[in-house]
Amino acid sequence: MKLLLISLLSLSAIASSFAEEAAPAAPAAPAAPAAAPAAAVTKLKLGVLPAVMKFDKASLEVKAGAKVMLLFINEKCPLQHNFILVKPGKLADLGALADKMLTDPQAMAKHYTPESPEILAHSSKLIGIGQSDIIEFTAPTAPGDYPYLCTFPGHWRLMNGVLKVVP
Ligand SMILES: [Cu+2]
């Protein structure tokens, strides 16, 4: 009786080990087709300089219409920041909206992200020290200089840069 129980247990152990081996094999298959170019993603990384209210890059570059995955990361700055990408020439407009949020009781809940039709992409949250966010967006199809900024009140005048969208 004991023997039978053991052999049953070991059988189920073997069965489950096969199940585990079979599982990873299935998702591997879709990687094979050569449809990769269409799904190509431009990966960018933007950090934050500690305590000076600046992004670590004054500019980023991307091809027009490209799918972009931006890693926004705060490794060392004790302040909280966000990332807002706007239409050309709209830096000061968004800066003014950012400053206005000082008097908005809901500002923290909104992660200091203003509401504006000029915003093309933004982080999902403020990121403090040790935090990061991945921002996925499609680059504009029109080449040009697209400003990005942090809209935590008072930061945007120093904390801004340009996403250069090239043909
Ligand atoms: Cu900031």
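Answer yes or no: is there a residue in the range 93-114 that is closer than 20 Å to residue 43 by Cα and within 14 Å of the ligand (Cβ to nearest atom).
Checked the range 93-114: no residue is closer than 20 Å to residue 43 by Cα and within 14 Å of the ligand (Cβ to nearest atom).
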Only one of (1) under 20 Å from residue 60 (Cβ atoms); (2) among the aliphatic types (A, V, I, L, M); (3) more than 16 Å from the ligand (Cβ to nearest atom); (4) surrounded by fewer than 21 Cβ atoms within 10 Å (Cβ to Cβ) is not met by residue 73, so which one is it?
(3)
Those residues of the range 65-106 which are farther than 28 Å from residue 144 by Cα and either in contact (Cβ under 8 Å) with a residue 12 or more places away in the chain or assigned to a strand (DSSP E or B) (or both) amount to 75, 76, 77, 78, 79, 80, 101, 102
Looking only at the range 94-108, decide whether some residue is within 17 Å of the chain's Cα centre (by Cα), among the small types (Gly, Ala, Ser), buried (at least 17 other Cβ atoms within 10 Å of the Cβ) and assigned by TED's automatic domain parsing to the domain that holds residue 162.
no
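The values are calculated or read from the model by the stated rules, or taken from the named source; none is laboratory data. Since we're looking at a predicted model, the values are computed, not measured. So basically every Cβ, Gly included, is an ideal-geometry build from the backbone, and we count neighbours across all protein chains shown.
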